[in-house]
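Everything below concerns the one structure shown next.
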Amino acid sequence: MKRVNFFYSTKLTFDDYVHNHSFALRVIPPETDTQHILSCSLNIAPYIPTKQTVDAFGNNVTAGYMRDDHRFLDFEIKGSAQVNHNKRRTDYMPCYLYQSQYTKPDNGLKTFYESIKKKCTGTVAEKAEYICNILSGTVEYEKGFTDTTTTAEQAFALKKGVCQDFSHILISLLRMEGIPARYIAGLAFCDGETHSWVEYWTGDHWEGIDPANNCPVNDDYIVISQGRDFRDCAIDRGVMFGKYTKQLQLVRSEMT
């Protein structure tokens, strides 16, 4: 068990005024068997009333609406938690066995899976570790080649990507092997932004594995959201009206 302090902030700046802005934030860490949230505060600017709900995947959702003109939206969380990944999570859902929007494989990923399938033997954990290790030697971690819309098949074709891409590719491969897997978005000591990793179902509980760093998940990781892929776990989503053509997003996170 480990006690950690966490901080995460996002600053969204629009290049022109927007209005009638509806948004949903998945930024408050959930209470789970592996993490006990001791404290967590959420600050949003400009200040507006919000509503707290929980989605189908168990993620905390903060919904808000900004009617008047504005050119920015800032939000941050700050808190502390007790983390113990030696405990087991058992919140299984059948949907994690099936490919989703970001993980659906093309011929390239299918051919790669077929090339490693014969050596993918042993327990579920041994299979997951083997696939993760092979992936680590096949795809290079490099920023600037992918974005939040990049799918597993696109990142694998590039052989480059960031944590989101590694997670989507690993999930795709695990699901082809018949192993349920889910996407986790959260915070980790290894990153200054949000991080993502994978949990696979052993048959009776979830185990975490970080394909971008090719290592098991330990008490240095805090879950913020979970789902079939990035789409279910996006920290912020919104719809707005206005003349803006782009937005600048600045993200910072800390764990101590």
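Read the figures in this text as sums done on the coordinates, not as results from a lab. All of these numbers come straight from a predicted model, not from anything done at the bench. Using ideal geometry, Cβ is built from the backbone for each residue, glycine included, and neighbour counts are taken over all protein chains shown.
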Open item on the list: Suppose every Lys and Arg Cβ carries +1 and every Asp and Glu Cβ carries -1, with no other charges. What dipole size does the chain come out with about its Cα centre, to the nearest 20 debye?
Closed with: 240
Open item on the list: For the chain, what does the helix formula give at 222 nm: sum of -39500 (n - 2.57) over DSSP H segments with n ≥ 4, over the residue count, nearest 500 deg cm²/dmol?
Closed with: -5500 deg cm²/dmol
Task: Highest average packing first - 160-171, 140-151, 214-225, Cβ atoms within 10 Å - done: 160-171, 214-225, 140-151
TODO: Could you pull out every residue, at least 5 positions away or on a different chain, whose amide H is within less than 5 Å of the one on residue 145? Hs are placed 1.01 Å off N in the peptide plane, and Pro or chain starts have none.
DONE: none
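Mind ordering 21-32, 2-13 by average Cβ neighbours within 10 Å, highest first?
Details: 21-32: 19.2, 2-13: 16.7.
Averaged packing, sorted descending, gives the order 21-32, 2-13.
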Task: Cα long-axis angle, helix 107-116 against the chain (0 to 90 degrees, to the nearest 10) - done: 40
TODO: Could you list 179, 235 in order of exposure, starting from the residue whose Cβ has the fewest other Cβ atoms within 10 Å?
DONE: 235, 179
- [ ] Calculate the spin-label point distance for residue 80 paired with residue 111, positioning each point 7 Å from the Cα along the beta-carbon direction, and give it in nanometres.
- [x] 5.4
TODO: Measure nothing but the geometry: give the 0 to 90° angle between the long axis through the Cα atoms of 163-176 and the longest principal axis through the Cα atoms of the chain, rounded to 10°.
DONE: 40
TODO: Sort 230, 14 so the one with the fewest other Cβ atoms within 10 Å of its own Cβ comes first.
DONE: 14, 230
Open item on the list: Rg and Dmax in Å for segment 94-233, alpha carbons only: what are they?
Closed with: 13.4, 38
- [ ] List the pair-distance distribution P(r) of the chain, using every Cα-Cα distance, as the percent of pairs falling in each 5 Å bin from 0 up to the bin containing the longest distance, rounded to whole percents.
- [x] 1, 6, 13, 17, 18, 16, 13, 8, 5, 2, 1, 0
Open item on the list: With just the Cα atoms defining each centre, how far is segment 58-133 from segment 1-40? Give it in Å.
Closed with: 17
TODO: Place the peptides 37-50, 89-102 in order of packing, highest mean first, counting for every residue the other Cβ atoms within 10 Å and averaging per peptide.
DONE: 89-102, 37-50
Open item on the list: Using only the alpha-carbon atoms, how far is helix 124-136 inclined from the longest principal axis of the chain? Give it as 0 to 90 degrees, nearest 10.
Closed with: 70
